[in-house]
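Notes follow once the structure below has been shown.
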Amino acid sequence: LKPHQKELFGQPIGLYVLFLTEMWERFSYYGMRALLVLYMTTSTLGDDARGAGLGWTSQEALALYGWYTMLVYVMSIPGGMIADKLIGQKKAVLWGAIILCLGHGVLVLTDIWAFYTGLGLVILGVGLLKPNISTMVGGLYKEGDIRRDKGFSIFYIGINLGSFLATMLVGVVVAQWGWHAGFGLAGVVMLIGLVNYVLGQKYLVKVGNLEPASDNTNDVSYGQLYSKLFNSPKQLIVALILLFVSFYGWYVMGWAYGLLFLFLTLITSLLMMIYKDLNSQVYKDRFLVLLLSFIMVIIFWGAFEQAGGLMNLYTDTKTDRNFFGLFEIPTVMFQSLNAGFIILFATGVANLWAKRKLKGREASSIFKMATGIIIMGFGFLFMVFAAMQFEQSGSSSMIWLVLAYFFHTIGELCLSPVALSFITKLAPVKYASLMMGVYFAASGLGNKVAGIIGESASEFGEYAVFTGILVFTVIVGGLFILILKPLKRLTHGAEDNEREMH
Ligand code: GLN
């Protein structure tokens with residue numbers, strides 16, 4: 001057996017190379033992210049051992065944070081395009097990792113130019129690395145290999161191991177040696193990820209290479225696709241309407257939103273043209289069902305990402321965090337619950353679905369994702385209870401938070417790794433990275449939506465917001481289950497004959 005054919009615990013060894021690379025990358029990402037708002041809002045005089053911050057207001061800091069966390073994922077689209085058309089996923093991940101090392105490295109410096117440059121580089125680096133490493137995981141498996149879903153669940157544990165370690169360690173380092181040591185730690189960790197990726201190349205010989213044109217796609221450039229827009233009046237009209245909306249958005253909401261809408265217009269027109277350009281109805285239908293499933297993705301993350309915002313504040317100000325009168329549990333620790341639950345339950349959830357599938361019962365990806373939305377939405381029931389208790393007694397029990405995060409996590413496990421796997425099953429090989437990029441961009445938009453919903457709590461109150469999310473998500477999940485049959489028909493049996501192949 002050649003190295004890339006070897007297995008460990010029933011999975012190709014390449015999976016573990018990607019697992020570790022992504023684990024270190026997520027460590028650096030979540031570690032830095034955890035510091036960001038705190039660093040921006042700390043006074044320029046430096047209040048304690050952590051040193052001087054930027055002295056921004058919390059509103060300024062949250063605004064930048066919102067744009068940053070969204071851009072990081074939206075840049076996955078160009079990241080995916082570069083991989084598909086120019087250098088392949090494997091090299092894109094390599095360049096992404098190198099740029100990330102530079103970005104985190106620059107953040108060690110204290111100047112303001114270094115701050116913006118560092119963030120910019122991290123956005124570019126994640127955009128190149130994140131979608132493409134996920135697509136590479138899918139590339140480890142042949143079509144119909146039943147291990148694929150399980151592989152993605154294992155990969156997902158790597159992601160969360162990274163985030164768990166980061167949220168545990170970074171705070172300690174910063175308290176001891178200051179902000180820039182925290183940023184530096186993210187850089188060192190990313191360097192380990194890079195080295196690990198380079199050393200693991202022999203297990204990745206067959207994946208992530210630039211794909212030659214195949215029978216299901218035409219080998220045209222993005223520029224050619226755009227130019228075709230002018231030959232198809234229907235598409236052109238849609239594009240013009242979107243363009244108009246962008247400029248209207250610019251006018252009403254300011255240039256930043258305007259640019260975002262403009263970007264989304266470009267992407268939507270591109271997707272329309274790719275759809276038109278695909279050679280077979282099977283690939284057209286699969287493309288469509290993927291795009292429809294991304295609606296679930298936006299809604300899911302829009303609700304789920306209350307975790308870092310509204311629920312975080314709720315934990316801080318309205319929850320009784322007293323541990324049996326012994327000590328007070330710090331707010332940030334609640335942020336580790338999600339990653340911790342993932343590490344504990346990821347394989348369990350994957351096995352449950354696999355068993356269900358083997359028994360011949362409904363376990364398609366769309367079904368899992370819809371179930372995931374409902375389970376996650378159901379978690380908000382406990383936040384509704386919490387808000388009720390707060391209104392009655394002036395503080396609420398932390399058990400509600402633990403239960404809410406538990407349901408959120410189980411929902412995430414039904415949706416997020418499943419969606420990654422689903423994309424690698426359905427997207428035409430030539431556009432696999434682009435579609436992965438669009439998926440992450442959808443989740444980035446979800447993050448932004450989450451921020452907007454969270455802000456609305458100051459107007460409507462938590463009780464109303466949590467109830468609204470609960471009702472809305474359960475209804476959306478239910479609707480997708482209702483139209484499951486036609487959606488599945490559009491996949492043309494992509495998941496019907498999965499079997500053991502090794
Ligand atoms: N927590 C996951 C990750 O970091 C989900 C990210 C996403 O889809 N936005 O990979």
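Observations on the structure shown:
- Where labels lie 7 Å past Cα in the beta-carbon direction, separation of L291 and Y248 in nm: 2.0 nm
- Taken over segment 195-303, the convex hull of the Cα atoms encloses 188 Å³ per residue.
- Binned Cα-Cα distances of segment 331-479, short to long, each 5 Å bin given as a whole percent: 2, 9, 14, 19, 20, 16, 10, 6, 3, 1, 0, 0
- Debye log10 I(q)/I(0) at q = 0.08 Å⁻¹ for the chain, Cα point scatterers: -0.49
- Angle in degrees between helix 462-482 and the longest Cα principal axis of the chain, rounded to the nearest 10: 20 degrees
- Separation in nanometres of the label points that stand 7 Å from Cα toward Cβ, at A181 and D316: 2.4 nm
- Taken over the alpha carbons of segment 309-370 as equal point scatterers, the Debye sum produces base-10 log I(q)/I(0) values at 0.19 Å⁻¹ of -0.79.
- Once exposed loop chymotrypsin sites (Phe, Trp or Tyr not before Pro) are cut out (DSSP; at most 10 other Cβ, 10 Å), longest piece of the chain: 10-323
- FRET efficiency, 1/(1 + (r/R0)^6) with R0 30 Å, evaluated for W255 and L109 via beta carbons: 0.60
- Euclidean distance of C-alpha centroids, segment 304-377 and segment 112-173, integer Å: 19 Å
- A Förster radius of 56 Å, combined with the Cβ-Cβ distance separating I329 from Y226, puts the computed FRET efficiency at roughly 0.55.
- Cross-linked pairs K91/K142; K130/K425; K284/K425; K206/K357; K142/K488; K448/K488: Cα-Cα separations exceed 24 Å for K206/K357; K448/K488.
- Rg(Cα)/(2.2 N^0.38 Å) for segment 18-94, N = residue count: 1.45
- Sequence-separation-based contact order of the chain, relative, with Cα cut under 8 Å and 6+ spacing, percent: 23 percent
- For segment 343-389, alpha-carbon Rg relative to the globular expectation (2.2 N^0.38 Å, N residues): 1.48
- Value of Rg/Rh across segment 391-449 [Cα atoms, Kirkwood radius]: 1.23
- Longest stretch of the chain clear of exposed loop sites (GluC sites (Glu not before Pro), DSSP loop, at most 16 other Cβ atoms within 10 Å, sites excluded): 144-361.
- When Rg and the Kirkwood radius Rh are both evaluated on Cα atoms of segment 213-366, their ratio Rg/Rh stands at 1.13.
- Karplus-derived 3J(HN,Hα) values for segment 226-243, using 6.51 cos²θ - 1.76 cosθ + 1.60 with θ = phi - 60°, are 4, 5, 5, 3, 6, 8, 10, x, 4, 4, 4, 5, 4, 4, 5, 4, 4, 4 Hz; glycine and proline are entered as x.
- Each 5 Å bin, from zero up to the one with the longest distance, holds this percent of the alpha carbon pairs of segment 1-62: 4, 16, 14, 12, 10, 8, 7, 6, 6, 8, 5, 1, 0.
- Sorting the Cα pairs of segment 1-151 by distance into bins of 10 Å, from 0 upward, gives 11, 33, 29, 16, 9, 2, 0 percent per bin.
- Dipole of the chain [Lys/Arg +1, Asp/Glu -1 at C-beta], most positive-end residue of G258, L240, L36: L240
- Pairwise Cα distances in segment 278-347 exceed 20 Å in 57 percent of cases.
- Computed over segment 436-502, the convex hull of the alpha-carbon atoms projects to a mean area of 7.2 nm².
- The H on the amide N of S396, modeled in the peptide plane, is under 5 Å from the matching H of T319, D320, each at least 5 residues off or on a different chain.
- What the Cβ-Cβ distance of Q5 and T268 gives, at R0 = 56 Å and to the nearest 0.05, is a FRET efficiency of 0.85.
- Approximate spin-label separation S458-Q59, in nm, with each point projected 7 Å along Cα-to-Cβ: 0.7 nm
- Tensor-based shape of segment 280-321 (alpha-carbon gyration tensor, a/c under 1.5 rounded, otherwise prolate or oblate): prolate
- Counting every alpha-carbon pair across segment 102-179, the share separated by more than 16 Å comes to 68%.
- 3J(HN,Hα) along segment 376-391, derived from phi through the Karplus expression 6.51 cos²θ - 1.76 cosθ + 1.60 where θ = phi - 60°, amounts to 4, x, 4, x, 5, 4, 6, 6, 5, 4, 4, 5, 5, 4, 4, 5 Hz, with x in place of Gly and Pro.
- Stretching S43 away from M388 to a fully extended chain increases their span by 120.6 nm, per 0.36 nm per residue minus the current alpha-carbon distance.
- The spread of Cα positions in segment 106-255, taken along each principal axis and listed from longest to shortest, comes to 62, 49, 23 Å.
- Degrees between helix 336-358 axis and first principal axis of the chain (Cα, 0 to 90, nearest 10): 30 degrees
Computed from the coordinates by the stated procedures, all read-outs in this text should not be read as laboratory data. None of the values given here were measured: they were computed from a predicted structure. Note: ideal-geometry Cβ built from the backbone for every residue, glycine included; neighbour counts use all protein chains shown.
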